[in-house]
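Structure, as structure tokens:
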Amino acid sequence: MYVVRSTTAACTAALLGLTLAVLGPTASSATTTPVPAPAPAGPSVPGVYAHRGASAYAPENTLAAIDRARQLGFDWVENDVQRTKDGELVVIHDDTLARTTDVEQVFPHRKPWRVKDFTAAEIARLDAGRWFGARFAGLRVPTLREYLDRVRHNRQRLLLEIKKPELYPGIERQVLDTLDGSGWLDGQSAGGRLVVQSFSADSVRTVHRLHPGLVTAFLGTPPVADLPRYAAFTDRINPWHTTISAEWVAAVHRLRGAHGRPLEVDTWIVDDAETARKVRRMGVDGIITNAPDVVREAVGGADGAAGGVRALAG
Ligand code: G3P
Ligand code: CA
């Protein structure tokens, strides 16, 4: 199953049915309380994705952040993948190490501290947690392999972003090889637990060409007239929430993506209840957030798996 567009009315009806079933016919017929009218049909409940893990509560892109997402009850975690000088894939957002590690103290003469100028062994020496809070001191920048193992151990799912692919020629094949080596591309189930996205259309197109069965997403807000070109190689268009309207979301939904199913929209980064409700009303399929608990509370959804999509097969 690919899309389940549940409605408020359907949920209300289901809950009512469950209530009646539990109470039984005597209890239900005995009540004098008017049965509430079903709520009007509305947009689907969006799936919720923990952005860089539950990064409002733990240092972004660390194993602690995905563990925190799991503790909060979220399957889907998002991350950012880049490459070291000696070819190791690592999980970090910025293309420099300065903001989220203590690299300036450990390697003071290596400015501007680019990820691609450091070996994996050097990066493994860095503290990737203390900047966020003393209790996170000692956390490391995970390699992609370590990260994949933890996501799998936690029985979570992954929205993997290839970050700045223009800096890392060939990274698409390397990411796919690493996923394959860790069992993430096995069988029919990959579409239900893995999505690969990028701001680079070329990168998304390359991933689709190398592994056509994989669900992909393009990060951005293409004009409606350009959407068909993207639909040829991707399944989702994932925009910044400030750039969209209900009309644009509807235009995306009218098209079928690379696997013949309606294109979906997962928007980012929504961390407050009001905005979460607003993008839900626009009809988005998913919300990517640093604070997944806040969004869940606002839109009434669960994690991405329950929100809508999520598998091409299986
Ligand atoms: O998943 C969407 C989001 O991660 C895109 O922005 O800069 O946080 O990678 P950024
Ligand atoms: Ca990202």
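Worth a mention:
- Residue 217 closer than 30 Å to residue 185 by Cα, within 16 Å of ligand 1 (Cβ to nearest atom) and small (Gly, Ala, Ser): yes
- Residues located in region 242-274, provided they are in a helix (DSSP H, G or I) and surrounded by fewer than 19 Cβ atoms within 10 Å (Cβ to Cβ): 242, 243, 246, 247, 250, 251, 253, 273, 274
- Any hit, region 49-62, residues being modelled with pLDDT of 95 or more, over 20 Å from residue 130 (Cα atoms) and either within 17 Å of the chain's Cα centre (by Cα) or within 16 Å of ligand 1 (Cβ to nearest atom) (or both): yes
- Pick from region 277-304, criterion surrounded by 20 or more Cβ atoms within 10 Å (Cβ to Cβ) and either polar (S, T, N, Q) or without any contact (Cβ under 8 Å) to a residue 60 or more places away in the chain (or both), ranking: nearest to residue 60 (Cα to Cα): 290
- When residues of region 213-231 are limited to those that are part of a helix (DSSP H, G or I), more than 14 Å from residue 198 (Cα to Cα) and not hydrophobic (A, V, I, L, M, F, W, C), the one farthest from ligand 2 (Cβ to nearest atom): 228
- Near pairs, Cβ below 7 angstrom, 6+ apart or cross-chain, from region 158-173 (away from ligand 1 (no atom under 12 Å from the Cβ)) to any residue that is of a type in the set (A, V, I, L, M, F, W, C) and part of a strand (DSSP E or B): 171/162; 172/162
- Scanning region 51-78 for residues that are more than 14 Å from ligand 2 (Cβ to nearest atom), in contact (Cβ under 8 Å) with a residue 40 or more places away in the chain and charged (D, E, K, R) returns 67, 70, 75.
- Among the residues making up region 272-295, a single one is within 14 Å of ligand 2 (Cβ to nearest atom) and over 18 Å from residue 196 (Cα atoms): 290.
- Complete set of residues in region 205-247 that are in contact with a strand residue (DSSP E or B) (Cβ under 9 Å, 6 or more places away or on another chain), under 19 Å from residue 280 (Cβ atoms) and hydrophobic (A, V, I, L, M, F, W, C): 217, 237, 240, 244
Conditions (1) touching a helix residue (DSSP H, G or I) at 6+ places or on another chain (Cβ under 8 Å); (2) within 16 Å of ligand 1 (Cβ to nearest atom); (3) under 26 Å from residue 164 (Cα atoms), marked per residue:
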position	(1), (2), (3)
221	yes, yes, yes
231	no, no, yes
264	yes, yes, yes
275	yes, yes, no
280	yes, no, no
284	yes, yes, yes
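- Of the helices (runs of 4 or more DSSP H) lying entirely inside region 117-200, those containing at least 2 residues that are among the aliphatic types (A, V, I, L, M) and touching a helix residue (DSSP H, G or I) at 6+ places or on another chain (Cβ under 9 Å) are 144-153, 171-181.
- In region 90-103, of all residues being among the charged types (D, E, K, R) and crowded, with 16+ Cβ neighbours inside 10 Å, the one that is farthest from residue 78 (Cα to Cα) corresponds to 102.
- Pick from region 174-189, criterion away from ligand 1 (no atom under 16 Å from the Cβ) and touching a residue at least 40 places away in the same chain (Cβ under 8 Å), ranking: surrounded by the fewest Cβ atoms within 10 Å (Cβ to Cβ): 187
- Taking the listed residues 169, 142, the one that is crowded, with 18+ Cβ neighbours inside 10 Å, modelled with pLDDT of 95 or more and out of contact with any Asp or Glu (no Cβ under 8 Å at 6 or more places or on another chain) is 142, with no other qualifying.
The values are calculated or read from the model by the stated rules, or taken from the named source; none is laboratory data. Note that the structure is a prediction, hence the values are computed from the model and not measured. As a convention, Cβ positions derive from the backbone with ideal geometry for all residues, glycine included, and neighbour counts pool all protein chains shown.
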